[in-house]
Amino acid sequence: MEFQKLYDLLDSNSMSSFSDYLKNELPIFFSDINHGDYFKWMKYIDELPNITVSKFDFTLDAVTIGDKSDCSIEERAILKNNLMKLKPWRKGPFNIFGLFLDAEWQSNMKWNRLAEHIKPLENKLVLDIGCGNGYYGWRMLGKKAEYVLGLDPSLLFYSQFIATKKYLPDANIDYVPLGIESIAHENLCFDSVFSMGVIYHRRDPLMHLRQLFQHLKSSGELIIESLVIDSENLDVLIPNDRYAKMKNVWSIPSLKLLTKWLENTGFKNIKVINTQQTSVDEQRVTEWMEFKSLDDFLDIKDKNKTVEGYPAPIRTIIISEKP
Ligand SMILES: C[S@@+](CC[C@H](N)C(=O)[O-])C[C@H]1O[C@@H](n2cnc3c(N)ncnc32)[C@H](O)[C@@H]1O
């Protein structure tokens, strides 16, 4: 993957130490990959048909790359076949040359809940921590962000991103397949930082917030999305093992506690913009994600409980500012 545009952008925005770090780290990282599936995924991407994109639109619910008329029926069949080999597609939807890629999550629903509340992204530098396959990054470009950098250690989601970016190589979006911990030594200066669906997967949520704070410029905005529990108190749920069958859910705070954590980290102008129970319309099985999904993770007799007996997933979105 070519990262020159990212390096240039970081260099011209007082983040040269990060670009120096990546220039050293990424070649080593990519040459050390020994994940067999990764090479298969890259081969499926290489074998995707070469099609010229006549139009794109990131303002629609489905991230739209190309038009149906840009490719032949045969090319679209190869496209579908190879993109299917990158399953499971958890975030979406995408519309790629008329192929509707209906992912497990209708991520447009979360985006629509937050898009009108956040600071304008026009001409802004955005960091998306735990970016999944980059769906939201494309939507941020739809809001005219100058540049979006996604960070996520999943090589599958990285591969899905590369498959979409193959058709728009000059788009102002990049994806670095590293975890947030790998940039703990940096003090970056992004205008907006997103951390959606990540904090409850971090063993130390306060440290996560401190790192997000560290990567924002003054007056920059944090958009955090998290599972929460329904409690008026400073409570936290520490699942015994799995939560709604999810591994690595270390702690789920109440809204009050999450807000307190943000305050204690130094954020101000903290605003809760939405809190709601996740519906089985938003997260469900599709042909692009054929495993089990939310409905299977809820108690068959009481859909307000998970199969483990915990409260069913409620998610909140909070925006706040670095002073
Ligand atoms: C629940 S998903 C959320 C994806 C997306 N942000 C969204 O809101 O739909 C959590 C994401 O965090 C990523 N992740 C896991 N560990 C991470 C880490 N150490 N640093 C950054 N991202 C991480 C996972 O690979 C996954 O894509």
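Each reported figure results from applying straightforward, stated rules to the coordinates on display, with no laboratory input. These numbers come from a predicted model, not from an experiment. With ideal geometry, Cβ positions are generated from the backbone for all residues, glycine too; neighbour counts draw on all protein chains shown.
Over what distance in Å are the Cα centres of segment 126-189 and segment 250-295 separated? Their Cα centres are 20 Å away from one another.
In deg cm²/dmol, rounded to 500, what helix-only [θ] at 222 nm does the chain give when every DSSP H run of at least 4 residues adds -39500 (n - 2.57) and the total is split over its residues? List each step's numbers first, then the result.
Values: 10 runs with 100 residues, N = 323.
Mean residue ellipticity at 222 nm (helix-derived): -9000 deg cm²/dmol.
Of the chymotrypsin sites (Phe, Trp or Tyr not before Pro) found in segment 224-323, those in coil by DSSP whose Cβ has at most 12 other Cβ atoms within 10 Å are Phe291. Stick to the Cα atoms of the chain, pair each with every other, and give me the Kirkwood hydrodynamic radius in Å at one decimal. Computed over the chain, the radius equals 20.5 Å. Each label was represented as a point 7 Å from its Cα along the Cα-to-Cβ direction; for Phe30 and Ala77 these points are 3.3 nm apart. Ordered by the count of other Cβ atoms within 10 Å of each Cβ, fewest first, Cys71, Cys131, Cys189 give Cys189, Cys71, Cys131.
What do you get for trypsin sites (Lys or Arg not before Pro) in segment 1-93 restricted to DSSP loop and a cutoff of at most 10 other Cβ within 10 Å of the site's Cβ?
On the way: sites: Lys5, Lys23, Lys40, Lys43, Lys55, Lys68, Arg76, Lys80, Lys85, Arg90, Lys91; in loops: Lys55, Lys85, Arg90.
Of the trypsin sites (Lys or Arg not before Pro), the ones in loops of segment 1-93 whose Cβ has at most 10 other Cβ atoms within 10 Å are Lys55.
Based on C-alpha pairs under 8 angstrom that are at least 6 apart in sequence, the chain has a relative contact order of 16 percent.
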